[in-house]
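The values are calculated or read from the model by the stated rules, or taken from the named source; none is laboratory data. Nothing here was measured: the structure is a model prediction, and the numbers come from that model. Note that we place each Cβ from the backbone using ideal geometry, even for glycine, and neighbour counts take in every protein chain shown.
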Amino acid sequence: MFGVRSGTFYSINISTWAIDSISLPNTDRITRRPGADEVWVCADSTIHVVDISTGMSLATSFTTGSSPYDGSEVRFSADGATAIKMNWNSNTVAKIDADNKTVTTMLDMSFASNLSGVEVTADGNTAFISASNDNMLYKIDVNTMTLSDSVEMPRSPFGIYRHPSSGKMWVVGHFDDIIYIVNPSDLSIEDSIEVGSSPHIVVFMNTPTGIAEPMLSKASCYPNPTQNSFQMEGYGNGGFLDYSRCVGSHRILG
């Protein structure tokens, strides 16, 4: 399990609770790259790529935005070949060649207000961006990096999370206390789940985590037995790992 806080990247062995760490400047969000022993750490307009194949070491760093406040989330296609990063302050979306660690295309979204969430379909062909001030969810053709569709949500959409088996988008309605289940094909809201107050985080689990109760004391878990997964909502400051800087850009990795 991995986490960041206050300029430090942590690796936590959930069997022994042994902790290792390295210092990285301005750490904000992290995501593990599928199919690679890499964790991408977003820090302002820079992504630090941490090699976790043997211990931890900084493999490389590269720039994706133009503002010191672009340290928002990055999402990958299921094969880890393509990454999409939302640059919050620059109001842009970057398409990244994950092998070469280079930005290949940048989409200007200056028309949208307060980009808040990003997600990618498993095949890497479609991306989704939420703009909370506009109540909008945007759909992007990743091959051409152009907008292909949009829909107005009931109220400010924030984080977006792809369900690992259904492929549907779980969109966090932070002010509604609701998770919206969105069909990625036509952007229709197929269902919704009422959760606790002011949700931020959705976590999907396909295998047992081995995490004991003390680590879950600042979270609410909602089992989904049909998919062998659960949603975990963080709230407040959980101590060692602040919920806003949680594992895997608000995902537990492993």
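For the condition within 21 Å of Asp99 (Cβ to Cβ), buried (at least 21 other Cβ atoms within 10 Å of the Cβ) and of a type in the set (S, T, N, Q), what is the one hit in Thr64, Thr54, Thr27? Reasoning before the result, please.
Working: Thr54 fails: buried (at least 21 other Cβ atoms within 10 Å of the Cβ); Thr27 fails: within 21 Å of Asp99 (Cβ to Cβ).
Exactly one residue qualifies, and that residue is Thr64.
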Whichever residue in segment 126-164 is polar (S, T, N, Q) and more than 17 Å from the chain's Cα centre (by Cα) and, among such residues, is farthest from Pro184 (Cα to Cα): Asn133
The listed residue being touching a helix residue (DSSP H, G or I) at 6+ places or on another chain (Cβ under 8 Å), of a type outside the set (S, T, N, Q), in a strand (DSSP E or B) and within 25 Å of Asp70 (Cβ to Cβ), out of Gly117, Gly159: Gly159
Criterion violated by Asp99 - all others in (1) crowded, with 22+ Cβ neighbours inside 10 Å; (2) farther than 25 Å from Ser156 by Cβ; (3) charged (D, E, K, R) satisfied: (1)
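Could you list all residues from segment 69-80 that are in contact (Cβ under 8 Å) with a residue 40 or more places away in the chain and either within 18 Å of Ser110 (Cα to Cα) or outside any loop (DSSP other than H, G, I, E, B) (or both)?
Start the filter on segment 69-80 by keeping residues that are in contact (Cβ under 8 Å) with a residue 40 or more places away in the chain, which leaves 71-80.
Result: Gly71, Ser72, Glu73, Val74, Arg75, Phe76.
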Filter result (without any contact (Cβ under 8 Å) to a residue 60 or more places away in the chain and closer than 20 Å to Val118 by Cβ) within segment 177-187: Ile178, Ile179, Tyr180, Ile181, Val182, Asn183, Ser185, Asp186, Leu187
Those residues of segment 1-52 which are outside any strand (DSSP E or B), within 14 Å of Val74 (Cβ to Cβ) and at pLDDT below 90, in sequence order: Thr27, Asp28, Asp44, Ser45
Inter-residue pairs, beta-carbon under 6 Å, first in contact (Cβ under 8 Å) with a residue 24 or more places away in the chain and in segment 1-24, second among the basic types (Lys, Arg) and surrounded by 14 or more Cβ atoms within 10 Å (Cβ to Cβ), 6+ apart: Val4/Arg245; Arg5/Arg245
Of all residues in segment 57-93 being of a type in the set (A, V, I, L, M) and in contact with a Leu (Cβ under 8 Å, 6 or more places away or on another chain), the one that is farthest from Ile160 (Cα to Cα): Leu58
Residue match in segment 184-192 (condition: touching a Lys or Arg at 6+ places or on another chain (Cβ under 9 Å), modelled with pLDDT of 95 or more and assigned to a loop (DSSP other than H, G, I, E, B)): yes
Near pairs, Cβ below 6 angstrom, 6+ apart or cross-chain, from segment 81-98 (under 13 Å from Thr46 (Cα atoms)) to any residue that is modelled with pLDDT of 90 or more and not aliphatic (A, V, I, L, M): Lys85/Thr64; Ala94/Thr64; Ala94/Lys85
Segment 179-198: number of residues that are more than 18 Å from Ile129 (Cα to Cα) and crowded, with 18+ Cβ neighbours inside 10 Å: 1
His48, sole failed condition from (1) touching a Ser or Thr at 6+ places or on another chain (Cβ under 6 Å); (2) surrounded by fewer than 19 Cβ atoms within 10 Å (Cβ to Cβ); (3) of a type outside the set (Gly, Ala, Ser): (2)
